[in-house]
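Below you'll find the structure, written out as structure tokens, and then a few comments.
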Amino acid sequence: MITLRQLLAIHWIERLGTFERAADHLHTTQSAMSKRVQELEQSTGLRLFDRSQRGARLTAAGEELLVIAREMLSLADRITSLKDGTHLSTRRLRLGITELTALTWLPKLIARLVADFPGLTVEPDVDMSRNLHEKLMDDLVDIIIIPDTFTAPEVTSVPLVNVENAWMAAPGLIGHSGVIGLAELAKYPVLVQGKRSGSGLFVNKWLGALGIELPKTLSSDSLTAMLGLAAAGMGVTYLPLECFRPLVNEGKLTVIRTDPGLPPVPYMAMYRNDRPSAFVQEVAARAVELCDFSRQLQS
């Protein structure tokens, strides 16, 4: 059996140049060092030192083993340091988010996670809700933040906030500023998000429950595309109200009041419950605390 004591032996022998100096450094005897090397050679079936040379010179096989040995010793140090909190984690977080999160509170979330978990590497994956859910099921991401449109028994969903949406269009596209019915809205070009968008699926399901089918002038999975097309006067679309209120205030978009109004879209943090991870649960808790879709480019 290979032991850390044996790996330490070849590490210090190579570093200090002789068995004797390595033994002094480890507060043991030269014979004990020789025994550790012999045991390691027996366990691996490799000749680690060239005994025909003066000094302690590794063979080619010994050099290859030394690289692995130092990796194992480094891992052992990291495990040991966990007990007193001195270990700086090298965790990786694969975070799946939609465009809306990326446009609003993603920088704030990442800054908090990096501060709370030193050494953390965050890998944001900006994609459509359906794609992100599929990646979660395929274990390609650790946690996703999307509208509440998908369920699975092996997925835990942590509620975040409900995002208020409103119908919007370029000023002048709708002839009057009063409240209109959805049947009246259907007379205008309508821009909708596609079947891979969580918000799109949520709104389409709501419209279907009301028995309303809106004409689709254009369908896109991209929130940014819908925003640009609406501002250009291409049609009516639904957008997060508070996030894009500055564009309303600037006169680039106008809010269209309808009866009934759009329902709020619930957002969730989702992670696999069949892969227990206290760290991912901590990430979800930070998301609950920091989630804020009301302002763009938060820091």
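Bear in mind that the values in this text are calculations on the coordinates, not laboratory data. Everything numeric in this text was worked out from a predicted model, so none of it was measured. As a convention, Cβ positions derive from the backbone with ideal geometry for all residues, glycine included, and neighbour counts pool all protein chains shown.
Taking the alpha-carbon centroid of each part, what is the distance from region 132-185 to region 249-283 in angstrom?
6
Starting with the highest mean, order 99-107, 281-289 by the number of other Cβ atoms within 10 Å, averaged over the residues of each peptide.
So the order, starting with the most tightly packed, is 99-107, 281-289.
Determine the percent antiparallel among the DSSP beta bridges restricted to the chain, to the nearest 5.
55
If amide hydrogens are placed 1.01 Å from N in the peptide plane, which non-local residues have theirs closer than 5 Å to the one on V236?
Sorted by chain and number, the residues that satisfy this are V190, L191.
Net charge near R272: determine it from the other residues with C-beta under 10 Å of the C-beta of R272, scoring Lys and Arg +1 and Asp and Glu -1.
-3
Residues with amide H under 5 Å of D125's amide H, sequence separation 5 or more or different chain, H placed in the peptide plane at 1.01 Å from N; which?
L95, G96, I97
Nearest 10 degrees, 0 to 90: what angle lies between the long axis of helix 198-209 and the longest principal axis of the chain (Cα atoms)?
Relative to the chain, helix 198-209 is tipped by roughly 40 degrees.
Can you work out the Karplus-derived ³J(HN,Hα) for every residue in region 62-73? Use 6.51 cos²θ - 1.76 cosθ + 1.60 with θ = phi - 60°, whole Hz, and x for glycine or proline.
x, 5, 5, 5, 4, 4, 5, 4, 5, 5, 5, 5
Considering only DSSP beta bridges where both residues belong to region 165-263, give the percentage that are antiparallel (nearest 5).
55
Could you give log10 I(q)/I(0) at q = 0.13, 0.20, 0.23 Å⁻¹ for region 165-263, computed by the Debye formula over C-alpha point scatterers of equal weight, without solvent?
The computed values of log10 I(q)/I(0) come out as -0.38, -0.98, -1.36.
Below 12 angstrom from the Cβ of I146, what's the summed charge of the other residues (Lys, Arg +1; Asp, Glu -1)?
Here the count lands on -2.
Throw me the Rg/Rh for region 215-299, computed over C-alpha atoms with Kirkwood Rh, two decimals.
1.08
Across region 258-267, in residue order, what do the Karplus-derived ³J(HN,Hα) couplings come to in whole Hz, using 6.51 cos²θ - 1.76 cosθ + 1.60 with θ = phi - 60° and x for Gly and Pro?
So the J values, rounded to whole Hz, are 10, 10, x, x, 5, x, x, 9, x, 9.
Quick one: what are the phi-derived ³J(HN,Hα) couplings along region 218-233, Karplus 6.51/-1.76/1.60 with θ = phi - 60°, whole Hz, x for glycine and proline?
Working through the residues one at a time gives 7, 10, 8, 7, 8, 4, 4, 5, 4, 4, x, 5, 5, 5, 7, x Hz.
Quick one, which of (i) 63, 53, 31; (ii) 78, 45, 29; (iii) 95, 34, 31 is the actual Cα extents along the principal axes in Å calculated for this model?
(iii)
Over the chain, calculate the relative contact order: mean separation of alpha carbon pairs under 8 Å at least 6 apart, over the residue count, as a percent.
22
Which of the aspartates and glutamates could be linked to K135 by a straight reach, that is with a Cα gap under 14 Å, when you skip same-chain ones fewer than 8 residues away?
Straight-distance partners of K135: E123, D125, D127, E154.
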